[in-house]
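One structure is given here, and the rest of the page talks about it.
The values are calculated or read from the model by the stated rules, or taken from the named source; none is laboratory data. Values in this document were obtained by computation on a predicted structure and should not be read as measured data. Here the Cβ positions follow ideal geometry from the backbone for every residue, glycine too, while neighbour counts run over all protein chains shown. Side chains included, ligands, DNA and RNA excluded: accessible areas come from the protein's heavy atoms. Shrake-Rupley method; radii C 1.70, N 1.55, O 1.52, S 1.80 Å.
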Amino acid sequence: MIKSMTGFASLTHEDERATIAVTVRAVNHRFLDLQLRIPQAIGDVEARVRALLQKWLARGRVELGISIQVRNAAAPTVELNQEFATALAAAIEQARSQGLVQGLLTPGDLLRLPQAIAVKERTPESDPAANGRIAASIEAAVEQALGELDAMRAREGAHLRADLDARRALLAELIERLRLAADDGRVTLENRLRERIDEIRLELPVDQAMIAQEIVRAAARSDISEEVTRFRAHLAHWAVLVEAAEPCGRKLDFLLQEMNREINTIGSKADGLGVSELIINAKAELERMREQVQNVE
């Protein structure tokens, strides 16, 4: 199946726990290159996010960013420094006995002293249950974003396939025209050789059997039937690959290299009117296809 490697998706996922924003961008790359931007407080979900990306994507440079705002933040914790409070109470009692202060130590007095009471915000690490629920929400948001990215890549892939299918059909036509031109060129070569031999035979004695063998060898050197057969096989294999479910970009790129090799061989062997022009046209189409295949996953 042909899918583009480029795409973009951005969404905001909201539930009773948090508001999660996910942005994902994908561009061309030879392999799967993942770049993640995840808040440190939820760093534990990175492995699961990577697993989701690897499930949805086979190739491309992918940048994924996650931001999170907890909707119902956990209640803060309040901790009393018992040693400090005890020492403070003893010091105040001593001052009272000496007539330096009056009254008792009140909660307000402790709240004004940061050494006595510490108020701490709860983090996901300190609340495993909340952390697990938020992680599930993050995974759901990432999965939804990847679904939208995949849909965009599939739409672009459909346009790529339409273009590549048209060029593949043109290549099939060019290879048949090359075959016919090369056959005509081979017949012309044989006739030209026979005419030249007839001219020489008027002046010098010649071995007819040897001459016939040389004509056959010369004609065989310009025979491109094997290359044409292999080129047709590559075109047929192309049609199978684009219909398969798995990504096919690398395989298509390899097929284009093989087809280009066959065209080069045909160009060096074939002789005939219009062969050079057909070879140039075929190589130009292969190059255009190669450029397009660089975008295929």
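When the solvent-accessible surface of protein heavy atoms is calculated with a 1.4 angstrom probe, in what order do HIS237, HIS13, HIS159, HIS29 fall, highest first? Walk me through the numbers before you get to the answer.
Details: HIS237 90, HIS13 40, HIS159 140, HIS29 70 Å².
Ranked from most to least accessible, the order is HIS159, HIS237, HIS29, HIS13.
Using a 1.4 angstrom probe and counting only protein chains, how large is the accessible area of GLU258 in Å², to 10?
40 Å²
Provide the gained length on full extension for the span ALA90 to ARG192, in nm with one decimal, where the gain is 0.36 nm per separating residue minus the Cα-Cα distance. Spell out each step's value before the answer.
On the way: separation 102, 0.36 × 102 = 36.72 nm, distance 12.26 nm.
Extra length from ALA90 to ARG192 when fully extended: 24.5 nm.
Could you check the spin-label model distance between GLU16 and ARG50? Points 7 Å from the Cα along Cα→Cβ, value in nm.
Taking the simple label geometry, GLU16 and ARG50 are separated by 3.4 nm.
Taking amide H positions as placed 1.01 Å from N in the peptide plane, with prolines and chain starts having none, which residues 5 or more places from ARG17, or on another chain, fall under 5 Å of its amide H?
none
Students sometimes get this wrong: rank TRP56, TRP238 by accessible area, probe 1.4 Å, all chains present, largest first. If you can, show how the numbers build up before the last one.
Values: TRP56 75, TRP238 0 Å².
Ranking TRP56, TRP238 by accessible area, largest first, yields TRP56, TRP238.
If you rank ASP165, ASP184, ASP15 by how much accessible surface each has, with a 1.4 Å probe, what is the order from largest down?
The most accessible residue leads, giving ASP184, ASP165, ASP15.
Quick one: check the C-alpha center-to-center distance for segment 137-154 versus segment 164-190, whole angstrom.
Answer, in whole Å: 46.
Give me the distance between the Cα centres of segment 269-297 and segment 11-48, rounded to whole Å.
Result: 42 Å between the Cα centres.
Which FRET efficiency value, to the nearest 0.05, is calculated for SER97 and ILE117 with the Förster distance at 41 angstrom and r the Cβ-Cβ distance?
On the way: r = 26 Å, r/R0 = 0.63.
Calculated transfer efficiency: 0.95.
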